[in-house]
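Please treat every number below as a calculation from the coordinates, not as lab data. Only a predicted model underlies this, so the values are computations on that prediction, with no experimental measurement involved. A quick note on method: Cβ atoms are made from the backbone with ideal geometry, for glycine too, and the neighbour counts reach across all protein chains shown.
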Amino acid sequence: MANEVRAVVAGAKGGPVAVETIMVPDPGPGEALVRVQACGVCHTDLHYREGAINDEFPFLLGHEAAGTVEAVGDDVDNVSPGDFVVLAWRAPCGTCRSCLRGRPWYCFDSANATQKMTRADGTVLSPALGIGAFAELTLVAAGQAVKVDPAAGPTAAGLIGCGVMAGFGATVNTGGVTRGDTVAVFGCGGVGDAAIAAAALAGARQVIAVDVDSRKLEWAREFGATDTVNSSEGDPVEAIRALTGGFGVDVAIEAVGRPEVFLQAFAARDLAGTLVQVGVPSPTMTLELPMIEFFGRGGALKPSWYGDCLPTRDFPLLIDLYLSGRFPLDRFVTETVALDQVEEAFAKMQKGEVLRSVVVF
Ligand SMILES: [Zn+2]
Ligand SMILES: [Zn+2]
């Protein structure tokens, strides 16, 4: 049987999103039906609606969500009806060559629901990042539903499903930031601020926030940045060198996804420093850099897919840090909105007015 629910659908490239009635199947084997309680509005949703991810319209948007398990199919034992869960877009399969090598955070065959959610007329919807959670109910692979402590509350908890996890993981998992490191974070949106908060938590001695928007730099200080650099006012590489005794940082985190920012982060490292790329580039972007600089500076250039996270390990960890007052999830929430306000939330995001708008149901 299918459930009729309200959901936000992007019907055509560049067009405004609309609330529609969609059909969500009851869970089959290995699937979980989740009643969504909160879902953050992420840049990736906007990229889908602009056609920048792929052209498999119509998209069912939303992927940064928390809710309760409504029902599970056969062969599901990780969650039960009533469990409070955060949805993950990585559910390691356990059998691909990466999982078998003990690197499940690179899983090459992450699971999604088998059955399709559709429009009322039967048109198959493409769920954003295999989730689709701007919907009263959504269907996922059971492994995508990660049980966490319900004391966290859905508005804060849902954020760790995407942007916050990516930023935190970029610092801690990919960058390996530890006590005494110097860190620069380029781009102070949700991902960048999570990277900054994680660096402060990990004991970085200096956390330099870089952005073109002075309002965002103010917010970055609240997340633990020790210094700020407005890159619209001068060369951020020189500024970072000046702040680090002329050397540059141990770890530079690119949280924008643009070639010119990558090159700034590349040059802002100390010798043997690490560059972490967590900002998502578009398919047409290219990089050009002096090969001798890459070789001569040593260190590492590391992409960070979803913060190299293992949701079953890292979601409960982030919730514990939040509940004990050590990771400020609430600070990411600029506003809560209704399901029919996603288009307005996109506009505010594009103007840089919000860190996160969160749809609450
Ligand atoms: Zn996202
Ligand atoms: Zn796998």
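Some values worked out for this structure:
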item	result
Alpha-carbon Debye profile of the chain, log10 I(q)/I(0) at 0.15 Å⁻¹	-1.27
Theoretical gain in end-to-end length, ASN54 to ILE292 [0.36 nm per residue, Cα-Cα removed]	82.2 nm
Fluctuation leader among SER304, SER282, SER110 - the chain, Gaussian network, Cα springs under 10 angstrom	SER282
ALA184 long-range amide H proximity, modeled H, under 5 Å	ILE208, VAL251, ALA252, ILE253
Mean projection area, nm², convex hull over Cα of the range 237-361	10.9
Nearest-0.05 FRET efficiency for SER98 and ASP74, computed from C-beta distance (R0 35 Å)	0.80
Between the range 9-32 and the range 54-92, the Cα center-to-center distance that results, in Å	13
Taking ILE22, ILE292, ILE253 and counting other C-beta atoms within 10 Å, the order from fewest to most	ILE292, ILE22, ILE253
The chain: most fluctuating residue of GLN206, GLN350, GLN264 per GNM, C-alpha cutoff 10 Å	GLN350
Gap separating the Cα centres of the range 233-300 and the range 305-326, nearest whole Å	27
Per-residue [θ]222 nm for the chain (sum of -39500 (n - 2.57) over DSSP H runs n ≥ 4, rounded to 500)	-7000 deg cm²/dmol
Of LYS13/LYS116; LYS13/LYS302; LYS147/LYS348, those spanning more than 24 Å from alpha-carbon to alpha-carbon	LYS13/LYS302; LYS147/LYS348
Cβ-based net charge around ASN3, under 12 Å, with every Lys or Arg adding one and every Asp or Glu removing one	-2
Highest-fluctuation residue, MET23, MET291, MET117 considered, GNM on the chain with Cα pairs under 10 Å	MET291
Extent along principal axes [Cα atoms of the range 62-164; Å; largest to smallest]	41, 37, 29
